[in-house]
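Encoded as structure tokens, the structure appears first; notes follow it.
The values are calculated or read from the model by the stated rules, or taken from the named source; none is laboratory data. Note that the structure is predicted; figures quoted are calculated from it, not measured. Cβ placement follows ideal geometry from the backbone for every residue including glycine, while neighbour counts extend to all protein chains displayed.
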Amino acid sequence: MAVRMSDTRSRGVAIEESTEALHEVHAQSNIIIVGAGVAGMYAAYLLHNQGIEVTILEASAQWGGRVRTLEGFASFPVEIGAEEIHGENSLYYQMVKQANIEMFDSESGENLYFVNDELLSEDRINENKHYKKALDLIEEIVNYEGEDISLQEYMDKQKIDKSIQHILNAELANERGTSASRLSMKGLAYEFQHWKAGYQTFMLKNHSHSAILKNYFASILDKIQYNQEVKAIDYSEDLVSIITQNGQSFQASKVVLTVPLTILKANLINFYPVLPKEKELAIQKIGMGAGMKVILKFKQAFWGEHTNSIFGQLVPEYWVTSFQRNENEYVLTALVNGVNAEFLSHQGEEAINSILNELDNIFGANVASANLEKSYLMDWTKEPFIKGTYSFDKVGGGDSRQILAEPIAEKLFFAGEATCTNGHHASIHGAMESAARAVKEILETNL
């Protein structure tokens, strides 16, 4: 599946007024981590192992962030958030391997491609001259040195046939949380040049990411305080003060901020002093937008016995979730990001019918609609404390990730996949690496 080679002054006044209204500090900790996703939990785990007192403030009622598992839908766990393990050299792959948890190569089956109203096998698509040209374009991305334009503009300039462009959109843009019209060519080239995690992608066979993380982070799960949406952070004094939506306050010598990029983009946390202008600009220059997964269980495998992925158009990519897990169950996952995700998100549950209509069109005879047993829609855009899937490189983003990742005044530290500067963003291991970097920065200061 994967191809990888507001007014700042008024916000300052608002938080100043809020901090003046505090009567007592609810809790004090050496370090507070905001967000109990992978980055937040890994940072807490590393600090806890150093004997440092940590508290994690989580806005929602559950840990995991964009890692979430659907249990009971099938005989195996179904991931409705992060799913693939990217690279045999990655930190997360090594963690899973050391736990002796079975994985399989996610590219081990055959793919199907819907092109010009015809469903093509891999053998047939490989005979297509336009597809061959598209493959050549992918190979050249690592060497791209032109102006910063979108992948869509680049495909048009290279005269990639319109009948094939949706496949590149699926493999390059949708895989990275967006659409070809929004993905930066320079950002894509940077990722290809710096990616060190390895080029195989893996799936868990009968385990879930949630179960793995619960076991690995068992020692810090009791450090999480739930339903604590951080609304203000005051780092003007020796101790950093945090105010949550219910009026509680917390203090710490240092704070690690791991909230999704969209939360920072929407200015849902007030900072005093306001964040440096270049950091505010960096937040806006990195992309993160709409995305969803739709899980579909059918009475029969109308896509064929050894199929791995199906490349459509409304849904850039479907994959056979039951492949290599249970040959007697027939489950598809539809991954939709970017423009098409925005369109489907507006439809609500009706999006499922739109997706079934596409499958009926691809395979004919209303076979998808007639064989649907049940479905589950996970629209990450509508999750109030996440508001999207994962970060991507926008045109003109430049070194925004590096700027976002920089700590402030040895008090505020930034982690999370969007702060990953080595091309490993939008991945579990990238989130972990960002946490390790933030912890290293903390340990180099005076605690």
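Some observations on this one:
- The residues in the range 216-233 that are closer than 30 Å to D393 by Cβ and part of a helix (DSSP H, G or I) can be counted, and the count is 1.
Listed here are the residues, each with its yes/no results for (1) farther than 26 Å from G416 by Cβ; (2) in contact with a strand residue (DSSP E or B) (Cβ under 6 Å, 6 or more places away or on another chain); (3) aliphatic (A, V, I, L, M).
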| residue | (1), (2), (3) |
| --- | --- |
| L264 | no, no, yes |
| E280 | no, no, no |
| V294 | no, yes, yes |
| P316 | no, no, no |
| N326 | yes, no, no |
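- The residues on offer are R401, R437, and the sole one that is touching a strand residue (DSSP E or B) at 6+ places or on another chain (Cβ under 7 Å) and either closer than 30 Å to S208 by Cα or of a type in the set (S, T, Y) (or both) is R401.
- Any chance K231 is under 30 Å from M378 (Cβ atoms), surrounded by fewer than 21 Cβ atoms within 10 Å (Cβ to Cβ) and over 21 Å from the mean Cα position of the chain (by Cα): yes
- Candidates in the range 47-62 are the residues that are in contact with a strand residue (DSSP E or B) (Cβ under 8 Å, 6 or more places away or on another chain) and either at pLDDT below 95 or among the aliphatic types (A, V, I, L, M) (or both); of these, the one that is surrounded by the fewest Cβ atoms within 10 Å (Cβ to Cβ) is I52.
- Helices (runs of 4 or more DSSP H) completely within the range 310-420 that count 2 or more residues being crowded, with 18+ Cβ neighbours inside 10 Å, out of contact with any His (no Cβ under 7 Å at 6 or more places or on another chain) and among the β-branched types (V, I, T): 350-363
- Some residue of the range 63-84 being in a loop (DSSP other than H, G, I, E, B) and either modelled with pLDDT under 95 or of a type in the set (S, T, N, Q) (or both): yes
- E118 being under 23 Å from V336 (Cα atoms), at pLDDT 95 or above and surrounded by fewer than 16 Cβ atoms within 10 Å (Cβ to Cβ): yes
- From the list S253, S236, the lone residue that is in a loop (DSSP other than H, G, I, E, B), hydroxyl-bearing (S, T, Y), within 26 Å of E58 (Cα to Cα) and over 26 Å from the mean Cα position of the chain (by Cα) is S236.
- Screening N111 with (1) under 25 Å from the mean Cα position of the chain (by Cα); (2) within 30 Å of D399 (Cα to Cα) gives one miss only, at (2).
- All of (1) surrounded by 20 or more Cβ atoms within 10 Å (Cβ to Cβ); (2) within 30 Å of L377 (Cβ to Cβ) hold for E71 with one exception: (1).
- Qualifying positions in the range 256-274 - under 17 Å from the mean Cα position of the chain (by Cα) and either outside any strand (DSSP E or B) or aromatic (F, W, Y) (or both): T258, V259, P260, L261, T262, I263, L264, K265
- Single condition I220 does not satisfy, out of (1) surrounded by 23 or more Cβ atoms within 10 Å (Cβ to Cβ); (2) within 22 Å of the chain's Cα centre (by Cα): (2)
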